[in-house]
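The structure appears right after this line, and notes come after that.
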Amino acid sequence: GHICGVKDDELAVRWVQFGVFSPICRLHSSSGPFNGKEPWHYNPMAENIIKNFLCLRHKLIPYLYTMNYRFAHDGLPLIQPMYYQHPDDYEAYNVPNEYYFGSELIACPITKPMDPKLGIAQVRIWLPEGEWFDVFTGMHYRGGRVIVSYRTLYRIPVFAKAGAVLPLAKLTENINATSNPAALDLYVFAGADNQFTLYEDNDKEGGSQRKAFTDFAFHWGKTCSLKIGA
């Protein structure tokens, strides 16, 4: 736990995975004589997973920054319970551990231990109508139904909607800065038309602030196209 508690490598990994898909992600706890919050205090497998997810969080900065701008100007929070967008769907009220993470993703953190014999955890998921893709595996799912999903410690269920545009920072080295990345890795998911506007600025306020809005327009059909605006 945050104060004292016991050392649990699996739980630490799941906390970090949840933290990566949360508004604030930080390894923060009280100091203990036999435990610590740093990844290298855990077994090699847990350490590697934690490091990979922390790198993913850093890659997500362009997406997160855009969603935070959306919140500040449109009042749409980064995290929204499923019933915010699907108030007429009964199942939307029965998945309290599932939520929209920005405009393009649905996150389903795992909050129960793995089966010790199988080494996998089970989670109940409701996918709204439409087509969805697991962002880690690329597996395609048909929505409008409840599914039971299984994951090892290496992943949690995170789904991108059909047509989703997901801008990630292209990291060529380990950095600890939040400045605009020099390059992006752009992930586009098939299946539907979609538009996404990336927001960037120079981290200044007032008259010295410079803003940039980059439009991405994806058209899905027999002939697909992705147009990137100036």
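Quick notes on this structure:
- Residue in segment 88-109 that is farthest from residue 78 (Cα to Cα), counting only those that are outside any loop (DSSP other than H, G, I, E, B), within 18 Å of the chain's Cα centre (by Cα) and free of Cβ contacts under 8 Å to residues at least 24 places away in the same chain: 99
- Where a residue in segment 8-35 is closer than 22 Å to residue 70 by Cβ and modelled with pLDDT of 80 or more and its partner, wherever it lies, is open to solvent by 30 Å² or more (accessible area, probe 1.4 Å) and not in a helix (DSSP H, G or I), with Cβ under 6 Å and at least six apart: 19/25
- Residue check, residue 76 hydrophobic (A, V, I, L, M, F, W, C) and under 26 Å from residue 120 (Cβ atoms): no
- Listed by position, the helices (runs of 4 or more DSSP H) inside segment 8-81 whose residues that are within 19 Å of the chain's Cα centre (by Cα), surrounded by fewer than 14 Cβ atoms within 10 Å (Cβ to Cβ) and of a type in the set (Val, Ile, Thr) number at least 2 form an empty set.
- The condition of being among the aromatic types (Phe, Trp, Tyr) and either closer than 25 Å to residue 152 by Cα or modelled with pLDDT under 95 (or both) holds for residue 53.
- Here residue 112 fulfils each of the conditions (1) assigned to a strand (DSSP E or B); (2) more than 24 Å from residue 68 (Cβ to Cβ) apart from (1).
- Residue satisfying all of: in segment 82-122; touching a Ser or Thr at 6+ places or on another chain (Cβ under 7 Å) and modelled with pLDDT under 95; surrounded by the fewest Cβ atoms within 10 Å (Cβ to Cβ) among these: 119
- Some residue of segment 115-129 being of a type outside the set (Asp, Glu), in a loop (DSSP other than H, G, I, E, B) and in contact with a strand residue (DSSP E or B) (Cβ under 6 Å, 6 or more places away or on another chain): yes
- Spans of strands (runs of 3 or more DSSP E) in segment 146-230 with at least 2 residues open to solvent by 50 Å² or more (accessible area, probe 1.4 Å) and touching a residue at least 12 places away in the same chain (Cβ under 8 Å): 184-188, 194-201, 211-219, 225-228
- Under the condition of being on the phi < 0 side of the Ramachandran plot and over 19 Å from the mean Cα position of the chain (by Cα), the residues counted in segment 181-191 number 2.
The values are calculated or read from the model by the stated rules, or taken from the named source; none is laboratory data. Every value quoted in this text rests on a predicted model; they were computed, and no experiment measured them. So basically every Cβ, Gly included, is an ideal-geometry build from the backbone, and we count neighbours across all protein chains shown. Quick note on the areas: whole protein, heavy atoms, side chains included, nothing else; ligands and nucleic acids left out. Shrake-Rupley method; radii C 1.70, N 1.55, O 1.52, S 1.80 Å.
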